[in-house]
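Colleague: I have a structure here, written as structure tokens, and I will follow up with some questions on it.
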Amino acid sequence: MNNSHVSALKVLIVGDYPLVQAGLAMLLENQPDMKVLATTGNRREALAIAVRASPDLIIMDLDLTSEDVTSLLPELREAAKNARVLIVTSVANPEAHRLVVRLGAMGVVLKQQTPDVLFKAIRKIHAGEVWLDRTSMGNVLHEMTRKVVDPHDPEAPKIRSLTDREHQVIALIAEGLKNKQIAERLFISETTVTHHLSSIFSKLGVSDRLELVIYAFGHKLARMPK
């Protein structure tokens, strides 16, 4: 295992096939900012490691058509409360992708994609961003927000507490802009953008960018992509 970087991103790999687990581990161990804590295909062991080792990221390489995914994913998120979850799969089924996102996954990477795509997805997800292709993202957001809209929105007091600048930041986040791009668009520093995001998360009771985007579309703080 890679011990060269004290602050390396700690990864737990959970999968159905030992050869695939080993391949993923080898790829990640060659990255100086990643450290593989363990690989396992055993449900009980995965949960025990998640509690004991507190991974930053859990990569799940499981059959998305299996009932094990729908039960194990929430259990892993509960066991490692601070961990993000990334699904690696060969299943290009938008419905399956929607399901795992609803269960708490922050992204899906298809096995047909390159290692560089996997590395980028891991780093983006660790930074609190979402990794889905544009079509899947639109479908997920539509599915998750269509039941939220209410003419008498109980969230109105929270929304009224937002400043004009925070509304601008939310709209740009919903467009998919990163902090640097938002800073350039609004002529402010990246540090200021980060401070705005912290304030927004606190006021709205969301914990990351995905929750913020879903909240924004659900409460009409931003327009749904067409």
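Colleague: If I go through the range 72-102 residue by residue, how many of them are open to solvent by 40 Å² or more (accessible area, probe 1.4 Å) and either of a type outside the set (Asp, Glu) or touching a residue at least 40 places away in the same chain (Cβ under 8 Å) (or both)?
Modeller: Number satisfying all stated conditions: 12.
Colleague: Give the number of residues within the range 173-226 that are out of contact with any Ser or Thr (no Cβ under 9 Å at 6 or more places or on another chain), under 19 Å from Ile125 (Cα atoms) and surrounded by fewer than 19 Cβ atoms within 10 Å (Cβ to Cβ).
Modeller: Number satisfying all stated conditions: 13.
Colleague: Mind listing just one residue for me: the one in the range 156-172 that is open to solvent by less than 40 Å² (accessible area, probe 1.4 Å) and in contact (Cβ under 8 Å) with a residue 40 or more places away in the chain and, of those, nearest to the chain's Cα centre (by Cα)?
Modeller: Applying the first criterion (open to solvent by less than 40 Å² (accessible area, probe 1.4 Å)) to the range 156-172 yields 156, 159, 162, 166, 169-172.
Among the residues that remain, those that are also in contact (Cβ under 8 Å) with a residue 40 or more places away in the chain are: 159, 162, 170-171.
Numbers: Ile159: 24, Leu162: 24, Ile170: 17, Ala171: 19 Å.
Ranking the qualifying residues of the range 156-172, first place goes to Ile170.
Colleague: Now a separate question. Counting only residues that are under 18 Å from the mean Cα position of the chain (by Cα), part of a helix (DSSP H, G or I), without any contact (Cβ under 8 Å) to a residue 24 or more places away in the chain and farther than 18 Å from Val100 by Cβ, how many does the range 201-214 have?
Modeller: Looking only at that region, the number is 1.
Colleague: Here is a further query. Scan the range 42-62 for residues that are of a type in the set (Gly, Ala, Ser) and crowded, with 20+ Cβ neighbours inside 10 Å and report the count.
Modeller: Final tally of qualifying residues: 2.
Colleague: May I pose another question? Of all residues being open to solvent by 80 Å² or more (accessible area, probe 1.4 Å) and in contact (Cβ under 8 Å) with a residue 40 or more places away in the chain in the range 112-133, which is farthest from Ala83 (Cα to Cα)? Just the residue, please.
Modeller: Arg123
Colleague: Further question: Leu27 versus (1) closer than 12 Å to Ile13 by Cβ; (2) buried (at least 20 other Cβ atoms within 10 Å of the Cβ); (3) aliphatic (A, V, I, L, M); (4) touching a residue at least 40 places away in the same chain (Cβ under 8 Å): which is the lone unmet condition?
Modeller: (2)
The values are calculated or read from the model by the stated rules, or taken from the named source; none is laboratory data. Everything numeric here is computed off the predicted structure, so don't read it as measured data. Backbone-built Cβ (ideal geometry, glycine too); neighbour counts: all protein chains shown. The accessibility values were calculated without ligands, DNA or RNA, using every heavy atom of the protein model including side chains. Shrake-Rupley method; radii C 1.70, N 1.55, O 1.52, S 1.80 Å.
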